[in-house]
Amino acid sequence: MAEGELHRPVLLDEVVEWLAPVDGGVYVDGNLGLGGHAERILEKSAPDGVLVGFDWDAAAMARARQRLARFGDRVHFVRRNFATIKETLAELGFGGVNGLLLDLGLSSLQLDVSGRGFSFKGDERLDMRMDEREGRTAADLLNSAGQDELADIFYYYGEERQARPIAARIVASRQQEGPFTSTAQLVRAVEAAVPRRFHPKKIHVATKVFQALRIAVNRELENLERVLRDGVEVLSPGARFCVITFHSLEDRMVKQAFNSHAALRVLTKKPIVAGPAEVAVNSRARSAKLRVAEVRRGDHGP
Ligand SMILES: C[S@@+](CC[C@H](N)C(=O)[O-])C[C@H]1O[C@@H](n2cnc3c(N)ncnc32)[C@H](O)[C@@H]1O
């Protein structure tokens, strides 16, 4: 598969328009992934713009390094959680940042070919960690959490209405058949727990359970909360904060954080979504929402 097919950066033109990178600016990409957005930001901020790119996934980082090699020391690669943005930028010696982009969630590389069990298609080991250096795997969580804890994870992180019967089935299954190790085992348990008539029409019956587990394993909402708060502190007056989300839990958090932060002025009253042409060639764009805020200039601005 060609790189472009494997991962098309979502809302690429819109991101560049709103982030408005300029020569000499300092930009942070919290989700380098395959480096698609980063590449365009570096092109637009040539010849002297700088980009600090975070990604905690080793495979993603390796691909981004390859793709962005031609920009030399204009790029700083950081294999860390973006929630460490404040400490990391202080360590690297960057004061004010001119723009910050988050493109949350998974890359198609992780979803399709990582072998870490992010997808309900196929049969892979149940890991789901984007950063394999730490934390518990999805299998650890499924095999050790109590029934109520599992039900809460599915309900709150997946907005799954069948959370309770699914959790009950998982607990029964691990008692009768032994621990969960593979994605196919989990899919079978979900299918067995949800009566046919409650299977959703547009998505696979296990979609929300997979989303919920991934969010829990990677502590995605905690990390987002932190970067929404600390990200504002690293930005210079007039800098733009752009966030692309893929589900309603994240979008709600971004909307609330932007609206309630005194230092920010919201530039997108309604989120920007992909047009039909982009959705036609990239299904991932279907659920993408971009929100943008600007740091108020206050007394410091020109
Ligand atoms: C949707 S992809 C980014 C795609 C990228 N914008 C591009 O143009 O190719 C999301 C990436 O963010 C990374 N990621 C998710 N949460 C992260 C976190 N808390 N810290 C660092 N990287 C994270 C994932 O490993 C993944 O590679």
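The values are calculated or read from the model by the stated rules, or taken from the named source; none is laboratory data. All values derive from a computational prediction rather than experimental measurement. Positions of Cβ are backbone-derived with ideal geometry, glycine not excepted, and every protein chain shown enters the neighbour counts.
See the values below:
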| read-out | value |
| --- | --- |
| Complete set of residues in the stretch 24-33 that are out of contact with any Ser or Thr (no Cβ under 6 Å at 6 or more places or on another chain) and of a type outside the set (Ser, Thr, Tyr) | Gly24, Val26, Val28, Asp29, Gly30, Asn31, Leu32 |
| Residue match in the stretch 52-60 (condition: crowded, with 23+ Cβ neighbours inside 10 Å, out of contact with any Leu (no Cβ under 6 Å at 6 or more places or on another chain) and part of a helix (DSSP H, G or I)) | yes |
| Complete set of residues in the stretch 100-128 that are near the ligand (Cβ under 8 Å from one of its atoms) and either of a type in the set (D, E, K, R) or over 22 Å from Val10 (Cβ atoms) (or both) | Asp103 |
| Residues that are touching a residue at least 60 places away in the same chain (Cβ under 8 Å) and surrounded by 17 or more Cβ atoms within 10 Å (Cβ to Cβ), drawn from the stretch 68-94 | Asn81, Phe82, Ala83, Ile85, Leu89 |
| Count of residues meeting criterion [under 24 Å from Gly105 (Cα atoms), touching a residue at least 12 places away in the same chain (Cβ under 8 Å) and part of a loop (DSSP other than H, G, I, E, B)] in the stretch 181-224 | 6 |
| Yes/no for Asn81 being within 10 Å of the ligand (Cβ to nearest atom), closer than 29 Å to Tyr27 by Cα, among the polar types (S, T, N, Q) and modelled with pLDDT of 95 or more | yes |
| Meets criteria (within 16 Å of the ligand (Cβ to nearest atom) and surrounded by fewer than 16 Cβ atoms within 10 Å (Cβ to Cβ)) for Glu250 | no |
| Test: residue in the stretch 176-198 that is within 16 Å of the ligand (Cβ to nearest atom) and among the charged types (D, E, K, R) | no |
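Residue-by-condition table, conditions (1) out of contact with any helix residue (DSSP H, G or I) (no Cβ under 6 Å at 6 or more places or on another chain); (2) closer than 14 Å to Val10 by Cα; (3) modelled with pLDDT under 95; (4) not in a helix (DSSP H, G or I):
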| position | (1), (2), (3), (4) |
| --- | --- |
| Ala257 | no, no, no, no |
| Arg265 | yes, no, no, yes |
| Ala274 | no, yes, no, yes |
| Arg291 | no, yes, no, yes |
